[in-house]
1. Looking at the stretch B:109-178, which trypsin sites (Lys or Arg not before Pro) are DSSP coil and have at most 13 other C-beta atoms within 10 Å of their C-beta?
2. Among residues other than residue B:157 whose Cβ falls under 14 Å from its Cβ, what is the net charge (Lys/Arg +1, Asp/Glu -1)?
3. Starting from a Cα-only point model with no solvent, please compute log10 I(q)/I(0) by Debye for the stretch B:23-142 at q = 0.16, 0.21, 0.23 1/Å.
4. Just round it to a whole percent: the fraction of Cα-Cα distances in the protein assembly as shown exceeding 35 Å.
5. Amide H neighbours of residue A:134 under 5 Å, at least 5 residues apart or on other chains, H built in the peptide plane: list them.
6. What is the distance in Å between the Cα centres of the stretch B:114-169 and the stretch A:97-123?
7. What is the local net charge at residue A:225, summed over the other residues whose Cβ is closer than 11 Å to its Cβ (Lys, Arg +1; Asp, Glu -1)?
8. Quantify how strongly other chains surround peptide A:157-165 by giving the mean number of their Cβ atoms within 10 Å of each of its Cβ atoms.
Amino acid sequence: MNADDWLRAFAAELHQRRVAVDAARHVVAEAATHLRDGGGDPWLVFGPPQTYAAAIVESIGTTPGPRTGPVRLHARGITKRYGRRTVLRDASLTVRAGQIAAVVGANGCGKSTFLRICAGLVSPDGGEVTVSGRLGFCPQQGGTADFLLPDEHFVLVGAGQGVARGPARRAGRAAARQLGWDAEGDVLARHLSGGTRQKLNLTMSTLAEPDVLLLDEPYQGFDQGSYVNLWDQLLRLRDEGRAIVVVTHLLNQLDRVDVVLDLTSAQQGGRS
Amino acid sequence: MNRLFTVAEMTLRELARRRGVLLLLLLMPLTFWLIRRDAYVGQSIRALLLGISWAVSTAALFATSAARELEPRLRLAGYRPHHLYIGRMLGLWGLGLAISVPFFLLTVFDAANLRYAGIAVAMLCCVAVAAPFGMLIGALLPRELEGTLLLLTVVAMQMLLDPADAGAKLTPFWSSREIATWAVDHTDDGYLTRGIMHGVVVTGLLIVTVAAVFAVRLRRRRHLHHVPLV
């Protein structure tokens with residue numbers, strides 16, 4: 001394990017131990033600086049990531065567990081059929097303010113369909129969804145315009161909320177920076193890499209400051225650093241009181257979420 | 001109004017950056033005109049009008065198809081369906097007018113003894129009808145290939161049908177042909193009146209149909225209930 005791997009493992013440990021996002025970022029940056037300036041094997045300098053994270057937690061403490069608020073999204077009895085095939089059967093999910101919910105399941109089990117039903121983009125054959133507050137949605141792919149610049153996407157989304165161009169651009173660039181992306185360049189969306197394009201997609205969905213954020217596998221094409229930044233951002237948004245639903249097939253992230261809906265069992269009538 | 005103009009502006013920006021498409025949009029009417037250039041002047045102008053109609057319809061079809069994935073999220077971002085389809089239509093009308101101007105000047109310099117105002121009105125009719133027509137096909141047919149084939153069928157029908165035939169009046173671009181006859185052959189004003197009436201009615205019908213299709217596609221689904229924040 002090289003220094004970068006050690007730092008990533010250390011950052012993940014801090015997250016798992018619920019160290020505040022900004023404090024964790026600061027501690028990781030300090031450790032990185034120490035390693036860069038002083039050199040040496042992080043295992044010898046700091047010890048195992050788990051041990052050092054435990055020491056840090058003792059020293060600076062943790063954030064209190066997320067204070068969950070009122071229900072923001074309540075989906076009940078969602079059933080969806082395509083022809084004779086039942087994709088979703090009686091699936092239900094409740095997410096409160098300050099919670100992250102993960103929708104998991106095998107390929108083709110209806111994760112994206114469930115999210116699109118929650119967003120009101122697809123009608124179910126049965127069931128209903130109640131949303132409190134404003135909805136934001138990040139599709140798995142598409143959802144951007146090939147021949148527009150990132151700034152123009154921000155202006156377009158901002159205008160929907162009546163936000164003027166300047167503030168919309170600034171808000172978009174600031175949200176992009178949270179994902180480790182500098183969105184100021186004059187690069188058309190079609191020339192962005194897959195991961196960067198997904199960051200644009202994600203930035204657009206958070207721009208309107210939604211109370212309920214629905215993300216369909218938002219990390220497609222992300223490198224490891226971007227992936228960490230994404231979860232930093234999601235945890236920050238959760239701590240601000242947003243309700244977040246993430247479709248994922250990466251089960252190693254489930255320890256960071258508060259609610260899990262497994263649609264493999266939901267197809268058979270199970271619930272979260 | 002800001003939402004409408006933002007959508008219109010972004011439509012124009014997207015199309016303006018597709019230089020290959022712009023070139024083909026100009027090439028299409030020019031080719032139609034050149035092929036008929038040696039024949040009777042009325043034929044070249046009618047072919048030019050048909051080329052403009054086809055070019056703008058095709059641009060509208062592709063712009064609508066390209067926005068299919070983006071529009072639902074813009075709807076969630078606060079846009080109403082009419083902001084999206086009227087905004088896009090305004091952008092396409094702007095594009096259509098921009099590509100019509102050089103062709104209007106071409107007819108002014110190339111052919112004498114025409115009613116030029118009539119040529120301008122015929123071009124306006126082409127652009128007015130073509131934008132919602134292409135949008136309607138793009139909204140109804142999810143795949144571009146199917147839309148393009150349907151557009152090709154309609155334009156070919158327009159080209160082959162005898163304009164005096166009653167069925168020809170059911171084709172979307174009959175108005176420009178009628179007005180062009182008035183402008184080129186100096187026929188009576190009935191041609192101009194019928195042409196303008198046809199153009200206005202067809203444009204109106206197409207806009208209403210586009211509005212209905214967008215309203216259905218981007219409707220608020222009945223299963224989704226919004227409650228105020230507590």
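Every number here is computed from the coordinates shown, using simple stated rules; none is lab data. Here the structure is a predicted model, which is why all the values come from computation and not from measurement. Cβ coordinates were reconstructed from backbone atoms using ideal geometry, including for glycine residues, and neighbour counts include every protein chain displayed.
1. Values: sites: B:115, B:143, B:169, B:177; in loops: B:115, B:143.
Taking the stretch B:109-178 and a limit of 13 other Cβ atoms within 10 Å, the loop trypsin sites (Lys or Arg not before Pro) found are B:143.
2. Values: positive: B:169, B:177; negative: B:162, B:165.
Value of the local net charge: 0.
3. Evaluating at q = 0.16, 0.21, 0.23 Å⁻¹ gives log10 I(q)/I(0) of -0.73, -1.07, -1.22.
4. Details: 57951 of 125751 pairs.
When every Cα pair of the protein assembly as shown is considered, 46 percent fall beyond 35 Å.
5. It is A:211, A:212, by chain and number.
6. Centre-to-centre distance over Cα atoms comes out at 42 Å.
7. On the way: positive: A:8; negative: A:4, A:223, A:232.
Here the charged neighbours net out to -2.
8. For this peptide, the per-residue mean of nearby foreign Cβ atoms is 6.
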